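Peer 1: Quick one: structure below, then a few questions.
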Amino acid sequence: MGNAKVIVAGSINMDVVVRAARHPRPGETLLGQSVQFFAGGKGANQAIAAHRLGARATLIARVGDDSFGGSLRAFVSQEGLDTQRVLATGGASGTALITVADSGENTIVVVPGANGALSPVDVEVDIEPGDVLVSQCEIPAQAIEYFFVRGKRPGALTLLNAAPARPLAPALAAAVDILVVNESELATLAGTAVGARDTGTVIAAARSLQSAIGNVVVTLGERGVVACLGPVVKTVPGRRVEAVADTTGAGDGFVGALAARLAAGEPLAQALVFANAAASICVERPGAAASMPTMAEVLAVL
Ligand code: ATP
């Protein structure tokens, strides 16, 4: 159990971040100030988070046969992740075009590209009892369902981060052990209004999902976590951080850290406390994948 794997089937994207004084109007061309390229995508970020925290992490993903595909593979392999299952496919890699204006306001267009080609065959990997399977909603639902249903047979634990939120087919929901959502994803899935300040509405919405999924974990930003674990409600207050540098990647840091601790054999309630601390470190640093903490850094704030 202690040496179980974290296997993430998910997205990998190139984030192209352009800075400009303001956003262009439709039809207008502006001169920007800078352009930067960052590897991202929820799957890659979560696998990197788990790996940095000591898990034996594998990423199953698809990149395109463009130059971004090569850069993305190089990035995850430099991180030390197992990249045998980062497969190439024809066409473009997943790409996010992000424009940041001087006001700080972003516009983002994400093109799934090769992520949309991840198939059930791609997720046919060796799965052992106690392994933790992780996915998100940026790859085709059939691949996630097949991955989880197949993984449950030998006794793997399955963790779905339903981001971006989309309705879950009953067969997929039945194969999910732990659902992780933020406040707005919870509202979408439950079909009710949820207020982070009103824990009662969060618990009621999470409970409504429990007819399909036994454990529903809701992340509430600086307010921490509320989780319905079977009949038990567990709350973890947010850690007070010195300064918020960039919240991007906090959700992915949380999921990766949770998976790493579960693979190490820690009970879910305790792993939530660890993941909350790990995610709080992500917000203190810029970037997504780059902001994922190490074990020593998390232990220092626990
Ligand atoms: P994002 O999309 O920004 O990556 P998210 O919306 O998926 O994040 P959040 O609920 O905002 O997820 O954050 C995930 C977790 O990160 C929280 O449950 C908490 O543990 C931690 N966190 C986020 N923001 C803060 C903050 N300001 N202070 C402390 N911890 C935070």
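Read the figures in this text as sums done on the coordinates, not as results from a lab. As the structure is a computational prediction, the values presented were derived from the model and not from experiment. Positions of Cβ are generated from backbone atoms using ideal geometry, with glycine treated the same way; all protein chains shown enter the neighbour counts.
Peer 1: Near ALA57, within a Cβ-to-Cβ distance under 12 Å, what is the net charge of the other residues, with Lys and Arg +1 and Asp and Glu -1?
Peer 2: +1
Peer 1: Moving to a separate point now. Rank the residues PHE147, PHE254, PHE274, PHE37 as a footprinting-exposure proxy: fewest other Cβ atoms within 10 Å of their Cβ go first. Mind showing how you got there, number by number?
Peer 2: Working: PHE147 30, PHE254 27, PHE274 23, PHE37 14.
Listing PHE147, PHE254, PHE274, PHE37 from fewest to most nearby Cβ atoms yields PHE37, PHE274, PHE254, PHE147.
Peer 1: Pick out the long, greasy-scoring helices in the chain: whole DSSP H runs spanning 18 Å or more along their own axis by Cα, mean Kyte-Doolittle at least 0.0.
Peer 2: 250-263, 268-283
Peer 1: Can you tell me how much longer the chain between GLN84 and GLU266 gets when fully stretched, taken as 0.36 nm per residue apart minus their C-alpha distance, in nm with one decimal?
Peer 2: Value of the extension gain: 62.8 nm.
Peer 1: Is the C-alpha gyration tensor of segment 105-216 telling us rounded, prolate or oblate? Criteria: a/c under 1.5 is rounded; beyond that, a/b larger than b/c is prolate, otherwise oblate. Write out the running numbers ahead of the final one.
Peer 2: Numbers: a/c = 2.41, a/b = 1.29, b/c = 1.87.
Here segment 105-216 falls in the oblate category.
Peer 1: Moving on to the next point. Could you list THR235, THR201 so that the one with the fewest beta carbons within 10 Å of its beta carbon is first and the one with the most is last? Intermediate values should be presented prior to the final figure.
Peer 2: Numbers: THR235 15, THR201 18.
With the sparsest Cβ surroundings first, the list reads THR235, THR201.
Peer 1: Under 15 Å from a label point 7 Å along Cα→Cβ of ARG56: give me every residue in segment 120-164 with its amide N that close.
Peer 2: 125-133, 156-157
Peer 1: Compute log10 of I(q)/I(0) for segment 229-270 with the Debye formula, placing one identical point scatterer on every Cα and leaving out solvent, at q = 0.24, 0.27 Å⁻¹, to two decimals.
Peer 2: -1.02, -1.08
Peer 1: Compute the orientation-averaged projected area for the chain from the convex hull of its Cα atoms and round it to one decimal in nm².
Peer 2: Spelled out: convex hull of the Cα atoms, projected over all directions, averaged, 15.6 nm².
Peer 1: Sticking with this one: Can you pull the Kirkwood radius for segment 41-156, inverse mean 1/r over Cα pairs, to one decimal in Å?
Peer 2: Kirkwood radius, segment 41-156: 15.2 Å.
Peer 1: Let me ask something else. Once you keep just the Cα pairs under 8 angstrom separated by 6 or more residues, what percentage relative contact order results for segment 190-233? Show your work: numbers first, answer last.
Peer 2: Details: 54 pairs, mean separation 13.6, N = 44.
Computed over segment 190-233, the figure is 31 percent.
Peer 1: So, one more: Taking the alpha-carbon distance from LYS5 and a cut-off under 16 Å, which aspartates and glutamates remain once sequence neighbours fewer than 8 residues away in the same chain are dropped?
Peer 2: Correct list for LYS5: ASP82, GLU124, ASP126, GLU128, ASP131, GLU266.
Peer 1: Rounded to the nearest 500, what is the 222 nm mean residue ellipticity of the chain from helices alone, with -39500 (n - 2.57) per DSSP H run of 4+ residues and division by all residues?
Peer 2: Here the helix-only value at 222 nm equals -9500 deg cm²/dmol.
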